[in-house]
Amino acid sequence: MGERRGYPRVVVIGSGITGLAAACRLQEGAASRAMLIEIKLLESSARCGGALETVRRGGFVMEAGADSFLAEKPAARNLAERLGISSELINTQEQFRKTLVVRLGRLTPIPEGFSLMAPTWLGPMWRSNLFSLSGKLRIAIEPWIPPRTDDEDESLAAFVTRRLGREVLERVAQPLAGGIYTADPATLSVRATLPRFVAMEREHGSLIRGLQGAARKRNGQVRDTSGARWSLFLSFRDGIGKIVESLAEQLDRSVQYNARVTEVMRLPETGDARWLVRCAGGPVLEADAVICAAPAYAAAEMIEGVAPMLAAKLRGLSYASAATVNLTYRTSDFPQPPNSFGFVVPIIEQRKIIAGSFSSLKFAGRAPDGMIVARAFIGGALQSRMMDLDDAQMAAAARDEFRDLFGVAAEPLCTYVRRWPNSMPQYLVGHGSRVSEIEKEARQLDNFILAGAYLHGVGIPDCIATGERAAEAVLARLAEPR
């Protein structure tokens, strides 16, 4: 304490993609403003990236966390350009752009043009065997279902059931939309997670009419996919970890590993906006500003002493745990080679996994010729008991499901299990209001800014954007005359 510096120090807590993006923007912003700033990026573990991790073994590229990002949200693509790695961006492989869903133990294609919870075109829906006749009739009358007139938040389950019926919820919306957040659709906020569908109901009175209008504006381009709009997803040639590695390299001297922050305090003798950041078993750092990119529950522990009200609100946010199991096979191990990006598993099927994918079909270069990288997703809010399994049991569960669904009797060549405890923030009904209260409370703390997936989106571009906004706010404050 009491160290003297002729330039400000900014401490960024957490080196997931949010913290990395915040530190990078601080570095860029200081250079463009000709400001001298010391940046300290504190990471509690021995690696950067948080829930983004690419494992490369024997020619295989295995993703332990998220494997891609949405191109239509610009933050990730813009960051890649500034890092000089945009030339390494790759699209999904068009010939495999479809998603399957498990129905009565068998894999069934999601109807062409079905967008997360609603069909753009009724023809493919009528020809599909995914829904019963009564389920199809219920979908078909959606344009005549009166829209809600109030402005209250609503769960995904309530919204989908009201507009399209129970079968769409159970067979498509729950495994697709709920799976993105590893959440229970009965508690998941539709306004916070899928606001464009809420807007469609308000503007068009119907999801189907809204999707058809959007499709006409895009000249019908949405008709080449089902489930998610896969043509909009991007990754890097060597895996999503490329962006983490590039950021870590650029920030090399700023990163301090194995530095778990235990407390953030005011600098006592000054009474101004400066901070003290205490690490377990390590030094106490003075900071002129702090960006906290740790999960909400970790941030709550850090600021309990200085902001108990904010800490309580942060503790009110829920998280779910999940795991991924990567399995590598020979293509010849499959009786019939898979021909889609993957599949989702409705909870009503009562299986051991919530989804599966084929990374080597989704993106080129993920496996040597004649080989396949498969991936299983386990856990989430609706299957939390699966997290009690040990790694061997998780791997066995994934192998069993691929054997049952695809007839793969061979043992995988390689298996990689990765657990992500308390990693997925749950956007429960009323999430927007809770975040507004948290941000209002945080504004009472000068030069202390929260950032992270629990605020305004869990996707990679969302996390990058919230980190960069935090950095810009800090830069603006530090540039003010003192």
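General remarks:
- Kyte-Doolittle at least 0.0, axis length at least 18 Å by Cα - qualifying DSSP helices, the chain: 17-32, 460-479
- Net dipole in debye of region 77-230 [+1 Lys, Arg Cβ; -1 Asp, Glu Cβ; about Cα centre; nearest 20]: 540 debye
- The convex hull around the C-alpha trace of region 386-482, projected and averaged over every direction, spans 10.3 square nanometres.
- Antiparallel DSSP beta bridges within the chain, as percent of all bridges there, nearest 5: 75 percent
- The calculated Kirkwood hydrodynamic radius for region 343-422 is 13.5 Å, given to one decimal from all distinct C-alpha pairs.
- Residues of region 392-409 with amide N under 19 Å of the 7 Å Cα→Cβ point at residue 336: 401-409
- Lys-Lys pairs in the chain that are eight or more residues apart or on separate chains and whose Cα atoms lie under 19 Å of each other come to 5.
- All distinct Cα pairs of the chain go into the 1/r average, and the inverse of that average, the Kirkwood radius, is 23.7 Å.
- Extension gain for residue 133-residue 47 works out to 25.8 nm (0.36 nm per residue, less the C-alpha to C-alpha distance).
- Pairwise Cα separations in region 35-146 fall into 10 Å bins from 0 onward with the following percentages, short to long: 10, 24, 26, 21, 13, 5, 1.
- Exposure proxy shown here: for 252, 184, 446, the number of other Cβ atoms within 10 Å sets the order, fewest to most, as 252, 446, 184.
- Diffusion coefficient, µm² s⁻¹, Stokes-Einstein with Kirkwood Rh over alpha-carbon pairs of region 107-148 at 37 °C and 0.692 mPa s: 302 µm²/s
- Nearest-20 debye value, the chain charge dipole, Cβ charges on Lys, Arg, Asp, Glu: 1060 debye
- Rg followed by Dmax, in Å, when region 112-221 is reduced to its Cα trace: 13.1, 36
Computed from the coordinates by the stated procedures, all read-outs in this text should not be read as laboratory data. Values in this document were obtained by computation on a predicted structure and should not be read as measured data. Don't worry about glycine lacking a Cβ; one is built from the backbone with ideal geometry, like all the others, and counts go over all protein chains shown.
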